[in-house]
Amino acid sequence: MGPVGAPAAVTAERAEEREPGARAPWVAAALAAALLVALTASVCLGSSDVPLGEVWSSVARGISGQEPVPGTRDLIVWQLRVPRALLAAVVGAGLGLVGTAVQALVRNPLADPYLLGISSGASLGAVAAIVLGAGAGGMLGLGLSAAAFAGALASFALVWAMARRGGGFSPLRLVLAGVGIGQFLSGFTHYLVLQAGDDQQTHGVLFWLMGSLGGAQWSTLGVPVAAVLLGLAALLARARALDAVLMGDETAAGLGVDVARLRRELFVVTSVLTGVLVSVSGAIGFVGLMVPHVCRMVVGGAHRVLLPVAALFGAVLLVVVDLVARTALPDQELPVGVVTALIGAPTLLYLLDRRLERG
Amino acid sequence: MRIAIEDLDVTLSGRTVVSGVHLVAEDGEIAGLVGPNGSGKSTVLRTVYRYLRPHAGRVLVGGTDIRSLTAPEAARRVAALPQERGSDFELSVRAVVAMGRTPYKRAFSGEDPADRDIVAAALAGVGLAGAEKRRFSALSGGERQRVLLARALAQDPKVLVLDEPTNHLDVLHQVELLALLRAQRRTTLLSLHDLNAAASLCDRLHVLHDGHVVASGPPRQVLTPELLADVFGVRAAVIDHPLTGDPLIAFDHRSPAAALPQATVPLTADR
C-alpha cells in the first residue's frame, strides 16, 4: 500500500490554504459589521443627506416610542429610511437563503429562486391587482402584497401538481415544471401589462416587476422578518441533509436522508419564502443567484456555514444596491432589479472568470 | 455483520428488473456481484442501501430487515458508495468525509471532537491524511473515489456496499482501492465489472443474469468457461495467476462465444 501514502506529500504544498469553512466566523463577523455600516449609510444618504448625529437621535426617539419632532427630519429617517433599509436587509437575506436552498434542491449551482415559477405567480397576482384595480387605493399597500402572495401560492400548487406526477420529485421535473408554468403565467402578466389603463399604471407595473423596496413601512416588515427567520431555522435544521443531496440522491439515501421528503419540505419552504419576499419587494433578480455562488467560493459549500453567511451577504448587498438605486441619478429612483443586474452580472462573470483561471 | 437477501423482487415503473434473488455475504466476507450490463447488479445493491424499495422479499442485515429500521438506523449499519461522483458545489474534502456522520446527528447539532477524530481517521485510512482542505471537485478520479470511501468509513458501518467502485479508474488506482477494501476486513457487498478483480478480491461471488442469480460460490467454483460463455457470451480460459495464484480469466478478445446472429464478418473455426 506504499503508493497510497504519496498524495499526502503532494497536498502538503497546499496546506497553507485554509479550509474554507474555518474562515466562516471571521467572514460572518465582517459581514455583520458591513451590514451595520451599510444600514447606517443607507439611512443617512438619500435625496437629502442627514448627518449621522441627527440620524442616531431620530432612531433613538423612534425606538423609545416618542413622537417625531415636527420640523425636523425625524419623519424621513424613522418612517421612511429606516424601514426601507431594514426591508432591503431582510429581503436580501431571504433571497440569499432561498437561492442557496433552491440550488441544493435542484442540485445546480446556477439555479435561481425564480426558476421554480413562484415569482411568476406572484407577479401575475400583483399586476392583476394593479391593472384590474383590486389594489387601486394603496399601490404598494397590503392589498398588493396579498394579491402577490396569493399568486405565489397558486403557482406553487400548479408546479407541485406537475412535478409530482409520476410519483417522483426529481430536480429535472421540478425545473421543467417551474420553467413551464412560469412562462405560462408570465404570458398572462404581459397581456395584462398591455391592458393597463394609463401610462402611470404601466409605469407602476413595470417598476414593481423589476423590484422595488419603496413600499417599506414598519407595519409591513413583520411578515418578511418572521418568514426569513423561520426559513433560516428550517434550512439550518436540514443543513446536513442539504449537503448530502449535493452529492446525489443515492448517496443521500445511503446516509439516511429521506430524499423525497426533503425535496417536498424544501420546495414548500423555498416557495413560501419566495412568495413572501416577492410580495413585499417584487422580483428582484440576480441576488439569489449570485449570493450563494460568491459565498460558496469564500466559505465553501457546507450548508451549516453557508446558509448564515449567504443571508448576511444578501442583506449587505441589497442594502447597498438599494442605496445606489436611490442616489445614482438625481431626482429619479431606479428599480432595484436594474441595479442588481447592472452590478451583479459583471461581478458574477468576473468572479467566475477568476475562479476558472485558478482551476 | 451478515447480509442476506431473500427472494428479492424489484419492479421499476411496472417492469420487473430483479426477481427471486437470494444472496449472502457472511460476516467479514467480501461478496461480489458480477453480471453483464443490465443484469440487475445496481438494482440489488440499491435495495440494500434503501434507495429502492423491494417489491417483494427482504434484505436482512445482521438478521434485521433493513426496512424495519429508521433511515438513520439503517445508515449506521450500511454505508454505500453509489456510482454518483458528486457535483461542483465547492465542497472541501473534509466536508465530504464529514457527511459520513449524518446518520449520527440530530438537527442543528454541530461536530464534536469525536466526529473530528473519526473524519481524520477515515481520511488517514485511505491514505489522504492532510488533504482535508482540498476542493473535492478538483481531485483526480482515484483520489475522489478514496475520499468517497473515507466518507463511507466515517459512517462507521457494519456493512459496506459499493457499486462499481473501480469504474473509470486506471489500473494502479483500481489496485489501490481494492487493497483498501481488502484491508477493511468488513462485511462488503460490491458489484464489479472486472471479473479478474472480482476473482482476486471476493470470497464469494454471485452471478446475475437478466435479474436472476444464476450461480453463487467461491470465485474458482463460479467462474468456469461454461458460465462465462453462457452468461457473458465470451470465450475464456480460466487459469492460475502466475504471481498471485488467484483465478485468472484469459478472455478471447477475438471472437465471442457464439457468432452473433447479425454478425457480418464470417467467423472461421481455425482462428
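Where a number appears in this text, it was derived from the coordinates with a stated rule and is not lab data. What you are looking at is a predicted structure, and each value in this text was computed from that prediction instead of being measured. With ideal geometry, Cβ positions are generated from the backbone for all residues, glycine too; neighbour counts draw on all protein chains shown.
Side notes on the structure shown:
- Taking label points 7 Å from Cα along the Cα-to-Cβ direction, residue A:67 and residue A:32 give a separation of 3.8 nm.
- Near residue B:205, the amide H atoms lying under 5 Å from its own belong to B:32, B:217; only residues 5 or more places off or on other chains count, and H is placed 1.01 Å from N.
- Using θ = phi - 60° in the Karplus curve 6.51 cos²θ - 1.76 cosθ + 1.60, the 3J(HN,Hα) couplings for region A:223-237 round to 4, x, 4, 4, 4, 5, 5, 5, x, 4, 5, 4, 6, 4, 4 Hz; x is entered for Gly and Pro.
- Pairwise centroid distance, computed over Cα atoms, of region A:315-338 with region A:154-222, Å: 23
- Contact order normalised by residue count of chain A, Cα under 8 Å, 6+ apart, percent: 29
- Ellipticity at 222 nm from helices only: DSSP H runs of n ≥ 4 in chain A, each -39500 (n - 2.57), divided by the residue count, give -24000 deg cm²/dmol.
- Each residue of region B:86-92 was assigned a 3J(HN,Hα) from its phi angle through the Karplus curve 6.51 cos²θ - 1.76 cosθ + 1.60 (θ = phi - 60°); the sequence is x, 10, 7, 10, 6, 7, 7 Hz, with glycine and proline shown as x.
- Counting 0.36 nm for each residue step from residue A:57 to residue A:354 and taking away their Cα separation leaves a gain of 102.5 nm.
- Residue B:229 paired with residue B:216, simple spin-label distance in nm, labels 7 Å along Cα-to-beta-carbon: 2.7
- For region B:134-148, the Karplus equation 6.51 cos²θ - 1.76 cosθ + 1.60, evaluated at θ = phi - 60°, returns couplings of 6, 7, 4, 6, 8, 7, 6, x, x, 5, 4, 5, 6, 5, 5 Hz by residue, with Gly and Pro reported as x.
- Simple spin-label estimate for residue A:198 and residue A:49 gives 3.8 nm between the two label positions (7 Å along the Cα-to-Cβ direction from each Cα).
- Put simply, the Cα atoms of the protein assembly as shown extend 104, 53, 48 Å along their principal axes, the longest span coming first.
- What separates the Cα centres of region B:91-169 and region A:272-304 is a distance of 28 Å.
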